[in-house]
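Notes for the one structure printed next.
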Amino acid sequence: MATISSIGLGSGLEVESIITKLVELEKAPLTQLEAKAALITTRISTYSQIKSLASTLSDTALKLSLSTNWKAVAASSSDPSAVSVTGSGTSTPVASAFSIQVQQLAKAQSTSTESFPSASGVGFGTLDIQLGEWNAGSFTAGAGSAISVAVAATDTPAQIAAKINAAGAGVTATVLTDSTGQRLLVRSSATGEASGFRIQAVNDGDTMPDTSGTGLSRLAFDPEAGTFGMATNTVQYGQDAQATINSVPITSASNTFTDVIPGLSFTATKETTTAVEVSITSDTATMKKSVQDFVTAYNAFVSFISEATKYNAGAEEAGLLQGDSAAISMQNALRALVGATASGGAFQRLSDIGVSVQQDGSLAIDDSKLTNAMKDLDSVRNLFTGDATEDDTSDGFGVRLKSLMSGLLATNGTINNRTEGLKSEEKQNTKDQDKVNDRAERVETRLRRQYTALDAQMAQLNALNTYIEQQVAQWNKSTK
């Protein structure tokens, strides 16, 4: 039968309690290490937030540093329902005004077949679809090759339409059903004169197109070869959009005219009988917003670091990053930069355009002063970009701010270096905790071994003591 043993039975001591307390003493350093680990984790999270705020500030700095930001324009149309205007993104337009008149909208070529019974076949062979341009009944093929669509004798109009659409031939086919049956509506996929189409029907076994106007040729469209098939119905030939800008003719295969005026796209939606006036003016609202975005991002960044590094005397609490040299140096570098002077130009400080430092270190904008400064856009641009003249090699405020933020955010920059340092501390803390736990485990093993041996010895001594007591008692009885 198995025996049940427990440390302390032989010695009569509360060994488990003794071992537990001694092991707890060995683990005492864990309390401090765990508290330090929690602080390090929080600081890593704090630096993650700093990095995010710095990235936002860097983005605003980039915008301020670009000359194109200070050349933004706003375009307006006197009749947006007829002509709308947007920036094309390929270049920067200059402030100006134009008169636009639309004589013709771009259209896609379209036509239709005669009506066929919905369940019947049309013919068999191939439909060769070629894109190109029609001019006075003459067809000029485009650069691409003709696309052949095989038609079976049993194919219905709906099945033929599906095959045409799947072929990617530059045309789309739709089935129209009416009281007489079904007919195909065929249309170019794109607008413009060069996106017209010719469809030739070639019967199986033939090499020349069928122009009979029977069988599959009823789906053909080839007016150059004769009046049959779809050529017998109403045709809308492809046409380019036509307009004039300040009486100068312009054309486009679509209803959008791109870069006829550098940096602008005009979209025509209807023909006009009178000119539509388009004006291009400096977009000071967008420029002012870029300054406001910078101020907002700067205040968020500096405020966060100030809160993290300060000491709250009332609550007797230190900020998470109090005494953190990296955080403090970033804050000081930014404050020094916003108070710096730019060389040359009518505006040399941010305060000259209405951006001033407040008592708490944040920035505030005097809107009326900034609006007035925008009247001299070249000087405002020079303050931020430093490129007012070709021989001006100085960096504007936006350029210097972008450079500073790029350095902070670089792989080997301040933020990443400090974050990696904290992560190294976190790893070392984990190792230190493991060492304490390992040491406590070894101590517990040693104590259990020692107390087990003590128990065995005490059990032997107790047994010997009992034996002696029994012998003495027996001897006492025998001497009476």
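Summary of computed values
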item	result
Residues satisfying the stated conditions in region 12-50, i.e. more than 18 Å from Val443 (Cα to Cα) and charged (D, E, K, R)	Glu34, Lys36, Arg43
Residue check, Arg198 modelled with pLDDT under 95 and crowded, with 18+ Cβ neighbours inside 10 Å	no
Selection count where residues are more than 18 Å from Val357 (Cα to Cα), surrounded by fewer than 16 Cβ atoms within 10 Å (Cβ to Cβ) and among the hydroxyl-bearing types (Ser, Thr, Tyr), scope region 292-313	1
Within region 154-188, considering residues that are touching a strand residue (DSSP E or B) at 6+ places or on another chain (Cβ under 6 Å) and assigned to a loop (DSSP other than H, G, I, E, B), the one farthest from Thr256 (Cα to Cα)	Ala169
Selected residue [assigned to a helix (DSSP H, G or I) and at pLDDT 85 or above] from Ser17, Ser55	Ser55
Test: residue in region 268-283 that is at negative phi, basic (Lys, Arg) and surrounded by 14 or more Cβ atoms within 10 Å (Cβ to Cβ)	no
Any hit, region 330-339, residues being free of Cβ contacts under 8 Å to residues at least 24 places away in the same chain, farther than 25 Å from Asp59 by Cα and either among the hydroxyl-bearing types (Ser, Thr, Tyr) or outside any strand (DSSP E or B) (or both)	no
One residue from Thr281, Thr244, Thr274, Thr267 being part of a strand (DSSP E or B), more than 38 Å from the chain's Cα centre (by Cα), more than 30 Å from Leu219 (Cα to Cα) and in contact (Cβ under 8 Å) with a residue 24 or more places away in the chain	Thr244
Among the residues listed as Ala225, Ala231, the single one being in contact with a Pro (Cβ under 9 Å, 6 or more places away or on another chain), free of Cβ contacts under 8 Å to residues at least 40 places away in the same chain, aliphatic (A, V, I, L, M) and more than 30 Å from Ser77 (Cα to Cα)	Ala225
Flag if Thr251 is free of Cβ contacts under 8 Å to residues at least 40 places away in the same chain and touching a strand residue (DSSP E or B) at 6+ places or on another chain (Cβ under 8 Å)	yes
Subset of region 146-195 (residues that are buried (at least 20 other Cβ atoms within 10 Å of the Cβ), among the β-branched types (Val, Ile, Thr) and touching a residue at least 40 places away in the same chain (Cβ under 8 Å))	Val151, Ile160, Val171, Val186, Thr191
Failed criterion for Ala143 (all others in (1) small (Gly, Ala, Ser); (2) surrounded by 15 or more Cβ atoms within 10 Å (Cβ to Cβ); (3) in a loop (DSSP other than H, G, I, E, B) hold)	(2)
Ile44 vs. criteria in contact with an Asp or Glu (Cβ under 9 Å, 6 or more places away or on another chain), surrounded by 14 or more Cβ atoms within 10 Å (Cβ to Cβ) and at pLDDT 85 or above	yes
Among the residues listed as Ala373, Ala333, Ala346, the single one being touching a helix residue (DSSP H, G or I) at 6+ places or on another chain (Cβ under 7 Å) and buried (at least 18 other Cβ atoms within 10 Å of the Cβ)	Ala373
Residue that is surrounded by the fewest Cβ atoms within 10 Å (Cβ to Cβ) [pool: residues in region 402-435 that are part of a helix (DSSP H, G or I) and β-branched (Val, Ile, Thr)]	Thr430
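Rundown of residues vs (1) under 30 Å from Lys63 (Cβ atoms); (2) assigned by TED's automatic domain parsing to the domain that holds Val94; (3) modelled with pLDDT under 95; (4) in contact with a Lys or Arg (Cβ under 8 Å, 6 or more places away or on another chain), yes/no style:
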| site | (1), (2), (3), (4) |
| --- | --- |
| Ser247 | no, yes, yes, no |
| Thr256 | yes, yes, no, no |
| Asp259 | yes, yes, yes, no |
| Ser265 | yes, yes, yes, no |
| Lys270 | no, yes, no, no |
| Thr273 | no, yes, yes, no |
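The values are calculated or read from the model by the stated rules, or taken from the named source; none is laboratory data. Just so we're clear, the structure is a prediction, and the values are computed from it rather than from any experiment. Positions of Cβ are generated from backbone atoms using ideal geometry, with glycine treated the same way; all protein chains shown enter the neighbour counts.
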